[in-house]
1. In this structure, does A34 turn out to be part of a helix (DSSP H, G or I) and open to solvent by less than 60 Å² (accessible area, probe 1.4 Å)?
2. Among the residues of region 13-25, how many are open to solvent by less than 30 Å² (accessible area, probe 1.4 Å) and within 9 Å of L157 (Cα to Cα)?
3. Check V41, V83 and return the single one that is touching a helix residue (DSSP H, G or I) at 6+ places or on another chain (Cβ under 9 Å), of a type in the set (V, I, T) and exposed (fewer than 14 other Cβ atoms within 10 Å of the Cβ).
4. Take S116 and tell me if it is closer than 28 Å to A36 by Cα and without any contact (Cβ under 8 Å) to a residue 60 or more places away in the chain.
5. Answer yes or no: is there a residue in region 119-126 that is part of a loop (DSSP other than H, G, I, E, B), among the hydroxyl-bearing types (S, T, Y), more than 29 Å from L71 (Cα to Cα) and over 20 Å from the mean Cα position of the chain (by Cα).
6. Would you mind telling me which numbered condition in (1) touching a residue at least 60 places away in the same chain (Cβ under 8 Å); (2) surrounded by 18 or more Cβ atoms within 10 Å (Cβ to Cβ) A122 fails?
7. Kindly evaluate A191 against the criterion of being within 20 Å of F4 (Cβ to Cβ) and either of a type in the set (G, A, S) or touching a Cys at 6+ places or on another chain (Cβ under 7 Å) (or both).
8. Residues to consider are V22, V8, V81; find the one that is of a type in the set (V, I, T) and over 26 Å from V195 (Cα atoms).
Amino acid sequence: MEGFQFEVLQQAWPLLMAGLKVTLGLSAAAFALALAVGIAVGVLRSESPLFKAILSPYVEAFRGTPLLIQLFFIYYGLPSVGVTLSSTTAGILGLGLNGGAYISEIIRGALFSVPSGQKEAATALGLSRLQALRCVVLPQAIRVATPPLVNAFSALLKDSSLVSVLAITELTRASQLIYTRTFRAFEVYLAVGLVYFVLIYAVSRLSRRLEQQKAFPSTA
C-alpha cells in the first residue's frame, strides 16, 4: 500500500487555488443575485396577496426540485427555446435563483417578526406605506435575518460544487482534473474537503457570532 504523497498536493496546489478563486467569485456573485431576488420576492409576498399568488410557484419550484436539475435545465434546456448562456452565467443564475427562493422565506419570516406597531407608528408619523417598509420595517427585518442569511451563504458555497457539471473549473472541477492526471484520489479529495471545511467553518463561526450579538446586544 502506497503512503501519503505530499508531492501530489504540492504539484496540485496552484490549480486548486485557481479553482478556489473561481468558487469564491462565483459564490459571491450568485449570493448577490440570491439576496436581491430573495429580498424582492420576500417583501412582495408578504405585502401583497396578488404577488404572493404570482411568486409562490417560483419559490415552490426552486425549493422543491434538485439544484442539479435546475442547472441542467438552465444550461442545456434553455438553448432549445433560443436562450443560450455561458456556463458561468448559467451557474450564477442557477445558484442565485435557487438561493433566492430560500432567502425569500427567510426575509418573509423576518418581516413578520417585526411588531405591527412599528409600521403603525411610522404611518402615524406621516410616512407612506412604502417609506415605512423601507425605512422602518425592512432594516429591522434584515437585522433579524442576518444570521440565517449567513447560513444561506454557507449552503450556497457548498452547493457551488455542483456547477462543476457545467465544465466550470472551480474547486471541485479542479480536483477532478488533478485526479485524472495523478490517480491519487485520497490526497486530492482530502485536500479539497479540508479547503471546503475551512471555508464553511469560517462562515459558521461568523453566523454564531452574529447570533450571539443578537441575543446579547451591546448596551454601549
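1. Values: part of a helix (DSSP H, G or I): yes; open to solvent by less than 60 Å² (accessible area, probe 1.4 Å): yes.
So A34 fits the description; yes.
2. Looking only at that region, the number is 1.
3. Among V41, V83, only V83 is touching a helix residue (DSSP H, G or I) at 6+ places or on another chain (Cβ under 9 Å), of a type in the set (V, I, T) and exposed (fewer than 14 other Cβ atoms within 10 Å of the Cβ).
4. Values: closer than 28 Å to A36 by Cα: yes; without any contact (Cβ under 8 Å) to a residue 60 or more places away in the chain: yes.
Spelling it out, S116 is indeed closer than 28 Å to A36 by Cα and without any contact (Cβ under 8 Å) to a residue 60 or more places away in the chain.
5. Kept after step one, since they are part of a loop (DSSP other than H, G, I, E, B), are these residues of region 119-126: 125-126.
Keeping just the survivors that are among the hydroxyl-bearing types (S, T, Y) gives none.
Checked region 119-126: no residue is part of a loop (DSSP other than H, G, I, E, B), among the hydroxyl-bearing types (S, T, Y), more than 29 Å from L71 (Cα to Cα) and over 20 Å from the mean Cα position of the chain (by Cα).
6. The one condition A122 does not meet is (1).
7. Values: within 20 Å of F4 (Cβ to Cβ): yes; either of a type in the set (G, A, S) or touching a Cys at 6+ places or on another chain (Cβ under 7 Å) (or both): yes.
Against the criterion (within 20 Å of F4 (Cβ to Cβ) and either of a type in the set (G, A, S) or touching a Cys at 6+ places or on another chain (Cβ under 7 Å) (or both)), A191 qualifies.
8. Values: V22 fails: over 26 Å from V195 (Cα atoms); V8 fails: over 26 Å from V195 (Cα atoms).
Answer to the check: V81.
The values are calculated or read from the model by the stated rules, or taken from the named source; none is laboratory data. Just so it is clear, the model here is predicted, and its values are computed rather than measured. With ideal geometry, Cβ positions are generated from the backbone for all residues, glycine too; neighbour counts draw on all protein chains shown. Surface accessibility is based on the protein's heavy atoms, side chains included, excluding ligands, DNA and RNA. Shrake-Rupley method; radii C 1.70, N 1.55, O 1.52, S 1.80 Å.
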